[in-house]
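See structure below.
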Amino acid sequence: MEKRTNEKRVILFPLPLQGCINPMLQLATILFSRGFSITIIHTRFNAPKSSDHPLFTFLQMADGLSETQTQSPDLLLKLTLLNENCEKPLRECLAKLLKPDSDSETEQEKISCLIDDSGWTFTQSVAESFNLPRFVLCAYKFTFFLGHLLVPQLRRHGFLPFPDSEAEDLVPEFPPLRKKDLSRIMGTSSQMEMLDSYLVKILESTKPASGIIVMSCQELDQDSLAESHKVFNFPIFPIGPSHIHDVPASSSSLFEPDQSCIPWLDNQETKSVIYVSLGSIVTMSESEFLEIAFGLRNTDLAFLWVVRPGSVQGRDWIESLPVGFMESLDGKGKIVKWAPQLDVLAHRATGGFLTHNGWNSTLESICEGVPMISLPFVWDQMLNARFISEVWRIGIHLEGRIERREIERAVRRVMVDSEGEEIQARIKVLQDEVRRSVKRGGSSSRSLDDLVNRILSF
Ligand code: UDP
């Protein structure tokens, strides 16, 4: 296959975070399979590897982040700076692409629309200035996206902070979130101020868009999708998990996946391995890291654990494990820096997933029918974890108890006890429903058709 010309082109602009790049590039792959040419505009920071997608055109733009800022663990600050810095470069990029006498390969093409992440707050006005329709990609569970509305309201109504005695109470406006989950989402009061204004900007810049593409489906988000018309008067396209549509799943890893995971899993019994990964952003203290290590070892079960370099605070990697720890596992444990997660979850040997419940990881686990142990740290992870344990009942919640005995107990409940079998049966049902939704005639498949037709209509 070759890059296309003379066709309709879609421009995609992902937020430079692994959890946002993956669904955006997978969406690009789907749209390419439907006949669109693809241009990816991206920042220098966390630039996707263009060599993984030879059929797309990549345009890198300046993002103004200093080396120190790219290293900062403060995600909200990074997003704020990116939003401040990227407007001019994006405008320049689009001006070049849309120039009528452009000598680029897009010369005879029509650029149909811009698709960018909900976390970009300046793109609507930029798109409008070029008369370019814009779609917002929501890479969260839609309940959480609607929650963007609620959080500032709750704060303004003096809901936060709340007394300790109310920690376990449900937030009536935002079930199944508890007050303690909400306070984890909001962070400290200075973070709250910043977050509040960021959420308001996200909503304000989403409302005038041409539609939202949601990485979720009716089967997982029916209630919030039904509510959406109260907030947005444009079409919503819940196209389902992008990686299970009938197109080749493409890798968009910012880190090099350690492929030795797969032969190692090949040598393990069916459903005998607990896979542990906390995604691309979460960090933990050294003592939390050691509690997880001992908890896993004490289960006496096989585990495959992703420890990203730099994810143990103050350490490079796993050097704080006691001498002889890995040898004491007798081959039952494997630690890697980054895994080919989709392949790991799809492997017959994987029987459970200790996860931070980022939305991609949650969807990927559901699509492979792998029960979860939830260890959410921040943001939408808190909500996803509640859906896992309370609504769908396809996993158990560690409730932040990063202690070896708790971890051992949770892993055994999922991997060994009869409770695990019940969870397994429930996740299988959900897995089938979600997978059916992307098949011809399913809700996600129909939504994708609607999206394609909408883009073609511009
Ligand atoms: N991932 C991966 N290998 C790893 C860990 C994660 O490929 O070792 C991928 C995972 O499949 C998912 C993404 O990185 O698509 C993480 O996104 P998620 O929303 O779960 O969490 P975030 O990184 O945004 O916190």
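Matching residues to (1) closer than 27 Å to Glu219 by Cα; (2) within 16 Å of the ligand (Cβ to nearest atom); (3) not in a loop (DSSP other than H, G, I, E, B):
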{"residue": "Asp316", "(1), (2), (3)": "no, no, no"}
{"residue": "Pro322", "(1), (2), (3)": "no, no, no"}
{"residue": "Lys334", "(1), (2), (3)": "no, yes, yes"}
{"residue": "Cys367", "(1), (2), (3)": "yes, yes, yes"}
{"residue": "Phe377", "(1), (2), (3)": "yes, yes, no"}
{"residue": "Met382", "(1), (2), (3)": "yes, yes, yes"}
{"residue": "Arg393", "(1), (2), (3)": "yes, no, no"}
{"residue": "Arg401", "(1), (2), (3)": "no, no, no"}
{"residue": "Arg409", "(1), (2), (3)": "no, no, yes"}
- Message: For the stretch 252-266, give me each residue that is under 19 Å from Ala139 (Cβ atoms) and buried (at least 17 other Cβ atoms within 10 Å of the Cβ).
- Response: Ser252, Ser253
- Restricting the stretch 355-365 to residues that are part of a helix (DSSP H, G or I) and more than 6 Å from the ligand (Cβ to nearest atom), which is nearest to Ser389 (Cα to Cα)? Thr362
- Note on the structure: Those residues of the stretch 295-342 which are within 17 Å of Thr355 (Cβ to Cβ) and polar (S, T, N, Q) amount to Thr299, Ser311, Gln341
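This table checks each residue for (1) within 24 Å of the chain's Cα centre (by Cα); (2) farther than 16 Å from His42 by Cβ.
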residue: Pro54; (1), (2): yes, no
residue: Ser72; (1), (2): yes, yes
residue: Glu92; (1), (2): no, no
residue: Gln124; (1), (2): yes, yes
residue: Phe130; (1), (2): no, yes
residue: Ala139; (1), (2): yes, no
- Item | Residue, surrounded by the most Cβ atoms within 10 Å (Cβ to Cβ), within the stretch 336-354, restricted to residues that are part of a loop (DSSP other than H, G, I, E, B) and near the ligand (Cβ under 9 Å from one of its atoms) | Ala339
- When only residues in the stretch 240-278 that are of a type in the set (Ser, Thr, Tyr) and in contact with an Asp or Glu (Cβ under 9 Å, 6 or more places away or on another chain) count, which is modelled with the lowest pLDDT? Ser250
- Of the numbered conditions (1) surrounded by 17 or more Cβ atoms within 10 Å (Cβ to Cβ); (2) in contact with a helix residue (DSSP H, G or I) (Cβ under 8 Å, 6 or more places away or on another chain); (3) not in a loop (DSSP other than H, G, I, E, B), Gln191 satisfies every one except a single condition; which is it? (1)
- Message: For the condition of a type in the set (Asp, Glu) and within 26 Å of Lys179 (Cα to Cα), what is the one hit in Glu421, Glu368, Glu390, Glu319?
- Response: Glu390
- Scan the stretch 297-314 for residues that are away from the ligand (no atom under 13 Å from the Cβ) and more than 20 Å from Arg412 (Cα to Cα) and jot them down. Gly310, Val312, Gln313, Gly314
- Only unsatisfied item for Asp432, checking (1) crowded, with 22+ Cβ neighbours inside 10 Å; (2) over 27 Å from Glu168 (Cα atoms); (3) of a type outside the set (Val, Ile, Thr), is (1)
- Task: Under 6 Å between Cβ atoms, at least 6 apart or on separate chains: pull out the pairs that start in the stretch 256-277 with a residue that is on the phi > 0 side of the Ramachandran plot and end on any residue that is surrounded by 17 or more Cβ atoms within 10 Å (Cβ to Cβ).
- Result: Lys271/Gly351
- Flagged in the stretch 257-268 as assigned to a loop (DSSP other than H, G, I, E, B) and either among the β-branched types (Val, Ile, Thr) or within 10 Å of the ligand (Cβ to nearest atom) (or both), in numbering order, are Pro257, Asp258
- Query: Can you name the residue in the stretch 269-282 that is small (Gly, Ala, Ser) and within 8 Å of the ligand (Cβ to nearest atom) and, of all such residues, is surrounded by the fewest Cβ atoms within 10 Å (Cβ to Cβ)?
  - Reply: Gly279
- Of the residues Met382, Met326, Met372, which is out of contact with any strand residue (DSSP E or B) (no Cβ under 6 Å at 6 or more places or on another chain), without any contact (Cβ under 8 Å) to a residue 60 or more places away in the chain and not β-branched (Val, Ile, Thr)? Met326
- the stretch 220-239, subset in contact with a strand residue (DSSP E or B) (Cβ under 9 Å, 6 or more places away or on another chain) and modelled with pLDDT of 95 or more, residue surrounded by the fewest Cβ atoms within 10 Å (Cβ to Cβ): Pro235
- Message: Based on this model, can you work out whether Ser374 counts as of a type in the set (Gly, Ala, Ser), buried (at least 20 other Cβ atoms within 10 Å of the Cβ), within 23 Å of the chain's Cα centre (by Cα) and within 29 Å of Arg134 (Cβ to Cβ)?
- Response: no
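The values are calculated or read from the model by the stated rules, or taken from the named source; none is laboratory data. In this text the structure is predicted, and so the values were computed from the model without any measurement. Heads up, the Cβs are rebuilt from the backbone with ideal geometry, glycines too, and the neighbour counts pull from every protein chain shown.
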